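The values are calculated or read from the model by the stated rules, or taken from the named source; none is laboratory data. Everything numeric in this text was worked out from a predicted model, so none of it was measured. Cβ placement follows ideal geometry from the backbone for every residue including glycine, while neighbour counts extend to all protein chains displayed. Note: accessible area is taken over every heavy atom of the protein model, side chains too, but ligands, DNA and RNA are not part of it. Shrake-Rupley method; radii C 1.70, N 1.55, O 1.52, S 1.80 Å.
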Amino acid sequence: METILLRDNLQKTLEQEARLESKTINEIVNEAVENYVRDKQRRKIDKEIAAFETMHVELKRKYLGEWVAIDQGQLVDHDADRVKLYKRVRAQFGRKSVLIRQVQEQAVEEIWIRTPSTGKIKV
């Protein structure tokens, strides 16, 4: 395992923040890395969603109702069974972010949220 070395100024800043937050430097660094990884995964999935929307006409023609897996802007697998597809994608790609989405009539799903004041709104 590789040892992570912090620059001196960063080490001092983290020590100060850790004291203020009653946390360890390790906790702060782990939170920061988790946020970095989550943000990177979100950006990747956003790109895969854009690719899905671009490919939607062709996907709908071939796979309407099926689940598709998109990685690096390419269709990498499909199946009528979401769970089977998910298991194959995890076996092939591990924990890498891969978009799995059902091909429906519309590329962009409409989401309705019920609100107490108006009943529902379209998102």
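Hey, among the residues in the range 101-120 that are in contact with a Phe, Trp or Tyr (Cβ under 7 Å, 6 or more places away or on another chain) and open to solvent by 40 Å² or more (accessible area, probe 1.4 Å), which one's modelled with the lowest pLDDT?
Lys120
Being at pLDDT 95 or above, exposed (fewer than 11 other Cβ atoms within 10 Å of the Cβ) and among the small types (Gly, Ala, Ser) is the requirement here; does Gly73 meet it? Give the derivation first.
Working: at pLDDT 95 or above: yes; exposed (fewer than 11 other Cβ atoms within 10 Å of the Cβ): no; among the small types (Gly, Ala, Ser): yes.
No, not satisfied.
Do you know which residues across the range 63-101 are of a type outside the set (A, V, I, L, M), in contact with a strand residue (DSSP E or B) (Cβ under 8 Å, 6 or more places away or on another chain) and either over 26 Å from Val37 (Cβ atoms) or part of a helix (DSSP H, G or I) (or both)? Break it down into steps so the answer makes sense when it comes.
Step one: list which residues in the range 63-101 are of a type outside the set (A, V, I, L, M), which gives 63, 65-67, 71-74, 77-79, 81-82, 84, 86-88, 90, 92-97, 101.
Remaining after also requiring in contact with a strand residue (DSSP E or B) (Cβ under 8 Å, 6 or more places away or on another chain): 63, 65-67, 71, 77-79, 81-82, 86, 88, 92-93, 96, 101.
Result: Tyr63, Gly65, Glu66, His78, Asp79, Asp81, Arg82, Tyr86, Arg88, Gln92, Phe93.
Could you please let me know if Lys44 is open to solvent by 90 Å² or more (accessible area, probe 1.4 Å) and either among the hydrophobic types (A, V, I, L, M, F, W, C) or without any contact (Cβ under 8 Å) to a residue 60 or more places away in the chain (or both)?
no
Checking Glu2 against (1) open to solvent by 100 Å² or more (accessible area, probe 1.4 Å); (2) assigned to a helix (DSSP H, G or I); (3) charged (D, E, K, R), which test does it fail?
Going through (1) open to solvent by 100 Å² or more (accessible area, probe 1.4 Å); (2) assigned to a helix (DSSP H, G or I); (3) charged (D, E, K, R) one by one, Glu2 breaks only (2).
Step by step: first the residues of the range 18-34, then only those that are open to solvent by less than 70 Å² (accessible area, probe 1.4 Å) and part of a helix (DSSP H, G or I), then the one that is nearest to Arg95 (Cα to Cα). Which residue is that?
That would be Ala32.
Is there any pair linking a residue in the range 81-106 that is over 19 Å from Arg43 (Cα atoms) and in contact (Cβ under 8 Å) with a residue 12 or more places away in the chain to one that is part of a helix (DSSP H, G or I) and open to solvent by 100 Å² or more (accessible area, probe 1.4 Å), with Cβ under 8 Å and at least six apart or on different chains, and which?
Between residues of the range 81-106 that are over 19 Å from Arg43 (Cα atoms) and in contact (Cβ under 8 Å) with a residue 12 or more places away in the chain and residues that are part of a helix (DSSP H, G or I) and open to solvent by 100 Å² or more (accessible area, probe 1.4 Å), the close pairs are Gln102/Arg82.
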